[in-house]
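Just below is one structure, and these are the notes that go with it.
Every number here is computed from the coordinates shown, using simple stated rules; none is lab data. Please read all numbers here as calculations on a predicted model, not as lab measurements. Here the Cβ positions follow ideal geometry from the backbone for every residue, glycine too, while neighbour counts run over all protein chains shown.
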Amino acid sequence: MTNLRSNPHTRLHLSIVVLAMLFLLPAAARGDDAGDLPSTPNTQSEEEQKLGFQLLFDGRADAGWKHNGNWVVEDGTLFRKERGGDITYTVAQVPDDFELRFEWKVSKGCNSGVYYRPGQYEYQILDDANSPYGENPRQSAASLFFCMAPSKDATRPFGRWNEGRIVGLGTVIQHWLNGEKVIDFDYTDPRWEEEVELLRIRGADLAARGAHLRLQDHGANVWFRSIRWRTIPPDEQLERSDFTPMPIPEEALRKERERVERMLKAGDQRQ
């Protein structure tokens, strides 16, 4: 029998074999996200340049972003380092018809969001697996928070980068996550009357325009990068697809109804 401890050549051969096997594994199995995203951070592809995208963050400085000192530029990201409030892009308002692309990463249990129209109008950022919000799909990652659940859970585990995308054209809203369209609805469609009413109770007017892009500080560390948007021209046709939101579990629905009752009661007291 060969003594592996005393045979350096055998040990070297085994080490090379193990390393080779590790590199053949997909990125998820290696525990990194090197293969998750298609592009170099904080850059634009040729296609995006042709479409007229603009970078809102270059990875080096937070010029154009207003915050209270609790966000820092770190390793090419906008990093929410400590409590202190949201960070807002002040150079321009979100175009009425727009496409926004961005990358995001959360700490364990993190809750955050991307606000892109006036009022409580939010693309949810969440660690679905470790946040209590994750029990309700209308509050899960890539949902239109407290309104529309995504069609599926397309998130990657906390600590890995996710690719977000939002399209708003006329009365149509689309949310994408990691290359998959998970929301596609027209808020004037009677099918979604109950969902739209939920958002109205929360404080959002879907017909409103003219917000500044805002990234939420909800008390946990979160990272953003590769933030870019474009104005969608009037003659561009939006590709639509059938959409069915994930169902809401009964217990989550009960808690949601209780929350709605509290909101309505608080609203009555303010009048």
query = Name the residues of segment 86-117 whose amide N is less than 19 Å from a point 7 angstrom out from the Cα of T171 along the C-beta direction?
reply = 96-98, 117
3J(HN,Hα) from dihedral phi, segment 127-142, Karplus parametrisation 6.51/-1.76/1.60, rounded to Hz, x for glycine, proline = 8, 4, 6, 10, 10, x, 4, x, 5, 10, x, 6, 10, 8, 4, 6
ask   = Looking at this model, which pairs from K81/K108; K50/K181; K181/K255 are more than 18 angstrom apart at the alpha-carbon?
value = K50/K181; K181/K255
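Net charge near A129, counting Lys/Arg +1 and Asp/Glu -1 over other residues with Cβ under 10 Å of its Cβ? Present the calculation step by step, with values, prior to reporting the outcome.
Working: positive: K108; negative: D127, D128, D153.
Net of charged neighbours comes to -2.
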inquiry  = Is the C-alpha gyration tensor of segment 127-202 telling us rounded, prolate or oblate? Criteria: a/c under 1.5 is rounded; beyond that, a/b larger than b/c is prolate, otherwise oblate.
reply    = oblate
key: segment 196-228 residues near the modelled N130 label - backbone nitrogen below 13 Å, point 7 Å along Cα→Cβ   = 220-222
request  = If a/c stays under 1.5 just call it rounded; otherwise compare a/b with b/c (prolate if a/b is bigger, oblate if not). Do that for segment 51-155, with a ≥ b ≥ c from the square roots of the Cα gyration tensor eigenvalues.
outcome  = oblate
